[in-house]
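Please read the structure below before turning to the comments.
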Amino acid sequence: MTLIADVAGLCSLASLAYYAFAAAAALRFARRPRQPPGPLPKILPRVAVLKPLHGRSASLEANLISCLETDYPRADFYFAVSDYEDPAAAVVVGLRARYQFIPITLVVGEEPGCANRKVAKLMRMAERAARDEILIIADADIVWQRDTIRRLVSALCGNERLGLVSCVYRSDSRANAPSRLEALIINTDFAPQVIVSEALEPVRHALGATIAVKRAALQAIGGFARLKDLLADDFYIGRLVADSGYEVRLADAVVTTVSDDRRLADVCKRQLRWHRTYRTVRPASVATILIEGPFWALIFLAATHASHLALAAFAAIIVARVVMAAVMMRQVLQLRAPTSDAFWVPLKDLLMVAIWFVSLFSNRVEWGGRRFTILRDGRLRELKG
């Protein structure tokens, strides 16, 4: 029990240090999106916005409108579905009639032989966007600010060595308990980890919510075809671009994801897939268990039979975790979510520890109604039957 107490005590201290560092790094990062976008070149590059779609959520139309109404005059918009039976196709057709002066293309079909259907759609869209100098990839559930494209283009055009930028994202979902849970995971786990990673090491990956890449950088890695069988296509496009000699960075922009999940099981299943993905593409990510403060504080309490030191450590960790979560949501990500949501974060952390443990026992994931095994090199192998 002494060894367990020592480990739990050290991990509790590590968690406190992480909360303090993450809050400080996030507050520094928060200054960047509040600054006006950088200057654009005199001759604006043509931009292709690529959005793979699958199914129609309650927020899909609003999400796409936020993309179409961004303040950039030389953008072409491509939306892709697998077939005309996909209800998302009707949404795009309706928007094309509504925004007649914006170049909107609906691409139907996927490139064959791709395990990753998102990449299969990207390959088809990229074929149609042959004249565009910058390609911006964005998930269907992402909402943009009016200046999002300007920020991405100004970053890429302001540095010849910069090949790719991606965006920190937040979740503003408050429709029901499952969507609020996922919002807490994104806003108080994922976003601070991304910001801390940027503060500690060169960026060598991308975040799939929104990615802008120069065509030259994409061609240098062999195009989207290099990603066709990889689950973590966003991670690998950043890694491949960095390996090809270009710089990769986080943009001075924050985008918003909208969750329409109505079942806790769906949230847990997605988190399990993400945990297994992280472990496969970046094995060091398993070390995040060391900064799960509420879990270690409980272990410390049990191992020391609720000693005064353990009680004090537990109280300090809970307070620090709640404060860090509130800073992320209100000060950094500028969310309107009630501050009381931060008080649920320690309980959410215990659920995430359970998912972390479950994720260790298999490399199988479910994605888009299909089941896969993640191979050691990050490729997907579909499981039949």
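Laboratory data are not the source of any read-out in this text; all were calculated from the coordinates shown. Here the structure is a predicted model, which is why all the values come from computation and not from measurement. All Cβ positions, glycine included, derive from the backbone under ideal geometry; neighbour counts span all protein chains shown.
Couple of notes before you dig in:
- In Hz, Karplus ³J(HN,Hα) per residue of segment 97-112 (6.51, -1.76, 1.60; θ = phi - 60°; x = Gly, Pro): 6, 7, 10, 5, 9, 10, x, 10, 10, 9, 9, 10, x, 10, 5, x
- For segment 341-385, a simple Cβ point-charge model (Lys and Arg +1, Asp and Glu -1, everything else neutral) yields a dipole of about 380 debye relative to the Cα centre.
- In this rough spin-label picture, where each label sits 7 Å from Cα along the Cβ direction, the Ser244-Val323 distance is 4.5 nm.
- Taking every Cα-Cα distance in segment 236-366 and sorting them into 5 Å bins starting at zero, the pair-distance distribution P(r) comes out as 2, 8, 13, 14, 18, 19, 13, 7, 3, 1, 0 percent.
- Alpha carbon centroid spacing (whole Å) that separates segment 56-114 from segment 289-323: 48
- Signed unit charges on C-beta, dipole axis of segment 1-144, positive-most listed residue Ala30, Leu64, Thr2: Ala30
- Candidates Leu181, Leu250, Leu350, ranked by Gaussian network fluctuation over the chain, Cα under 10 Å, top entry: Leu350
- Rg and Dmax over the alpha-carbon atoms of segment 45-117 stand at 12.5, 37 Å.
- Each peptide in 10-19, 56-65, 202-211, 303-312 was scored by the mean count of other Cβ atoms within 10 Å over its residues; highest first, the order is 202-211, 10-19, 56-65, 303-312.
- Estimated translational diffusion coefficient (Stokes-Einstein, Kirkwood radius over Cα pairs, 4 °C, 1.567 mPa s) of the chain: 59 µm² per second.
- Fraction of beta bridges assigned by DSSP in the chain that are antiparallel (%, nearest 5): 45
- Theoretical gain in end-to-end length, Leu309 to Arg74 [0.36 nm per residue, Cα-Cα removed]: 78.5 nm
- Each of Ser259, Ser82, Ser362 was scored by other Cβ atoms within 10 Å of its Cβ. Listed from fewest to most, they are Ser362, Ser82, Ser259.
- Taking the average, over residues, of other Cβ atoms within 10 Å as the packing measure, peptides 232-241, 331-340, 314-323 rank 232-241, 314-323, 331-340 from highest down.
- Fluctuation leader among Gly163, Gly55, Gly369 - the chain, Gaussian network, Cα springs under 10 angstrom: Gly369
- As a calculated quantity, the FRET efficiency between Tyr84 and Arg46 at R0 = 22 Å, using C-beta atoms, amounts to about 0.20.
- Of all aspartates and glutamates in the structure, those lying under 17 Å Cα to Cα from Lys384, and not within fewer than 8 positions of it along the same chain, are Asp229, Glu366.
- Under 23 Å of direct C-alpha separation, and excluding same-chain neighbours fewer than eight residues apart, Lys51 reaches these lysines: Lys118, Lys121, Lys214, Lys228.
- When peptides 109-117, 149-157 are ranked by their average number of other Cβ atoms within 10 Å per residue, the highest-first order is 149-157, 109-117.
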